[in-house]
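The values are calculated or read from the model by the stated rules, or taken from the named source; none is laboratory data. What you see is a predicted model, and the numbers here were worked out from it, not measured in a lab. Reconstructed Cβ throughout: ideal geometry from the backbone, glycine too, with neighbour counts over all protein chains shown.
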Amino acid sequence: MRDLSANPAWQEQDLGLPLPDSTHACSVCLPTWDAIVGYEEGREKVVKRMRTGYPRFFKHPAVERLFAAAKSEVASEHEEVIVLPTRNSVTRAHRWVELRAETAVRITSLHGLQVLVVPTKAKADANAYWRFTGEVVSSRQATDFLDGNMRTGSKSHLISRSLSKFNGAAPEDIFIFSSGMAAVTAVLRALPGVREGKKTLQLEFPYVDSLKVQEYFGHGVVYLNDASGESFDEALQRIRQGEFAGVFTEVPSNPLLRTVDLHRVAKACEDSSTPLIIDDSTAGPLNVDSLKYADVVTGSLTKWISGEGDVMAGMAAVRADSPVADALRESLKVDSADTAPLYIGDAEVLLSNLKGYSKRMKTVNANGLALASWLANHPAVAEVWHPSLTQRENYDKVMRKGGGYGGLLSFVLKMPKKTPKVYDALRLSKGPSFGTAFTLVCPYTMLAHYHELEWAEGCGVSPNLLRVSCGLEPIETIIAAFEEALSHG
């Protein structure tokens, strides 16, 4: 296990060229390997062409205009701004940025929104708060603000009611946020042990920002990237001893699609009254029943549940009989309403998208299973990660009756040097998100861990790993695209 409490900031850039079909797209495209490297190395010919990107990493043009308007109105020449949705959020950002940047910053309001004004030297820290906490102003909210039509009110309770049909929690125990990371951040804050100064434990290689939130906004994180064998036994013993404020894991993990033995983890957590936090973004609540093991389940509603890549949101669902249920409810109720609420315009889009969730996932599950099997038998492919192939016994224990193995998978080639050529030849959409109606491919490690490739490889995540999010196309179309591209390898 690795203690990351003193680990320096890591770098990740999940950015790219915009898809042309949505004003508020959450999916972006970097079509070639050279474009990915060019962006990561700051080549002007790539960066100059970027008009938008993944929302927490790259500000939408409407959000950029909002920031520019705020800077013009409330900041001096040598100051920068970030605009945040609520007073709670900007107050927390103020404390965090001042501490990290070791400089004074200030708060002001902008006709209903909140602005953190910082010296130029603190701009990176202010942007980091925006990115990691996910407490953002969405492109729809920014557009309405700039047009003088910003709306009040909430429809999050309607989303909670819809989600309760899938995840089994009562609507009043489901809390809706502006992003998946806002939900994760809110859960971390809600843990009683964090208030006591305890570290958290991360099991399995996670989505990178989930790890960073624990590192930056908790009291440090102990990380076990392979939750098996003697190291896993040791981790369970430390859980039973009550060492951690909470245990975080994903079902399955992203991008290696691994699933820990949740029965053993949940029992250890129960023995010490340590909250277990499971993120089900990768598979979605239609496929997995994480709440039967977890005290709280987090999830990105941006992905499979929306299915359109045109809205950002997140949720946290509390298990009613959890020993920490009351403490979690109290804190999450405040954060979902007063820190990072989902803008009403985004809620309306999500409610519309939610109607097709069940039907979409049946197709996605079938496509993911078929593609994983096809790739696993291809002579050019060295390894495929998919819950149907990877720690299937553990996944099956949490899979719902009638659920499936999801549409996300990863693979590497037997000849890794040919990966750029194969990637370039793929006639599919290419970008860092997942859960869209169209198949989406990305060289995940290059995007998520470009400045720490050796570290990621040491955790079993190859720099040549390709991650695939299966869409709704006929499976024959998807396989044909891979067959053509792999022939170039």
What number of residues within region 170-187 satisfy the criterion of being under 22 Å from residue 320 (Cβ atoms) and in contact with a helix residue (DSSP H, G or I) (Cβ under 6 Å, 6 or more places away or on another chain)?
-> 7
Identify, from the list 164, 138, 160, the residue that is outside the structural domain of residue 344 (by TED's automatic domain parsing) and in contact with a helix residue (DSSP H, G or I) (Cβ under 6 Å, 6 or more places away or on another chain).
-> 138
May I ask you to verify whether residue 179 is of a type outside the set (D, E, K, R) and either within 28 Å of residue 225 (Cα to Cα) or under 16 Å from the mean Cα position of the chain (by Cα) (or both)?
-> yes
Which of the residues spanning region 124-162 are acidic (Asp, Glu) and within 10 Å of residue 62 (Cβ to Cβ)?
-> 144, 147
Please work out which residue is surrounded by the most Cβ atoms within 10 Å (Cβ to Cβ), limiting yourself to region 62-93 and to residues that are free of Cβ contacts under 8 Å to residues at least 60 places away in the same chain and over 15 Å from residue 113 (Cβ atoms).
-> 80
Evaluate region 254-273: report whether one residue or more is crowded, with 24+ Cβ neighbours inside 10 Å, out of contact with any Phe, Trp or Tyr (no Cβ under 7 Å at 6 or more places or on another chain) and among the acidic types (Asp, Glu).
-> no
Considering region 338-347, residues that are over 19 Å from the mean Cα position of the chain (by Cα) and crowded, with 17+ Cβ neighbours inside 10 Å, and then whichever is nearest to residue 153 (Cα to Cα), we arrive at 344
Do we find a residue being in a helix (DSSP H, G or I), in contact (Cβ under 8 Å) with a residue 60 or more places away in the chain and closer than 19 Å to residue 166 by Cα anywhere in region 398-412?
-> yes
Selection status of residue 124, without any contact (Cβ under 8 Å) to a residue 12 or more places away in the chain, within 26 Å of residue 448 (Cα to Cα) and surrounded by fewer than 24 Cβ atoms within 10 Å (Cβ to Cβ) | yes
Of (1) under 29 Å from residue 355 (Cα atoms); (2) outside the structural domain of residue 346 (by TED's automatic domain parsing); (3) in contact with a strand residue (DSSP E or B) (Cβ under 7 Å, 6 or more places away or on another chain), residue 93 satisfies every one except (1)
If we keep just the residues of region 263-284 that are in a strand (DSSP E or B) and touching a residue at least 60 places away in the same chain (Cβ under 8 Å), which is farthest from residue 395 (Cα to Cα)?
-> 277
What are the residues in region 373-393 that are surrounded by fewer than 22 Cβ atoms within 10 Å (Cβ to Cβ) and assigned to a helix (DSSP H, G or I), if any?
-> 373, 374, 376, 392, 393
Scanning region 280-325 for residues that are small (Gly, Ala, Ser), over 19 Å from residue 400 (Cβ atoms) and surrounded by fewer than 24 Cβ atoms within 10 Å (Cβ to Cβ) gives 322, 325
If you check every pair at least six apart or on different chains, which have Cβ atoms under 7 Å apart with a residue in region 477-489 that is closer than 17 Å to residue 363 by Cβ first and a residue that is outside any helix (DSSP H, G or I) second?
-> 478/439; 478/470; 481/426; 481/427; 481/428
For region 79-124, the count of residues that are at pLDDT 95 or above, not small (Gly, Ala, Ser) and not in a strand (DSSP E or B) equals 20
Just a yes or no: is a residue in region 195-212 within 13 Å of the chain's Cα centre (by Cα), modelled with pLDDT of 95 or more and more than 25 Å from residue 259 (Cβ to Cβ)?
-> no
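Quick grid of which residues meet (1) more than 23 Å from the chain's Cα centre (by Cα); (2) of a type outside the set (Gly, Ala, Ser); (3) on the phi < 0 side of the Ramachandran plot:
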{"residue": "115", "(1), (2), (3)": "yes, yes, yes"}
{"residue": "122", "(1), (2), (3)": "yes, no, yes"}
{"residue": "128", "(1), (2), (3)": "no, no, yes"}
{"residue": "135", "(1), (2), (3)": "no, yes, yes"}
{"residue": "139", "(1), (2), (3)": "no, no, yes"}
{"residue": "153", "(1), (2), (3)": "yes, no, no"}
Please specify each residue of region 464-485 satisfying the condition of being of a type outside the set (A, V, I, L, M), part of a loop (DSSP other than H, G, I, E, B) and over 20 Å from the mean Cα position of the chain (by Cα).
-> 464, 473, 474
Among the strands (runs of 3 or more DSSP E) contained in region 186-254, which hold 1 or more residues that are among the polar types (S, T, N, Q)?
-> 200-203, 247-250
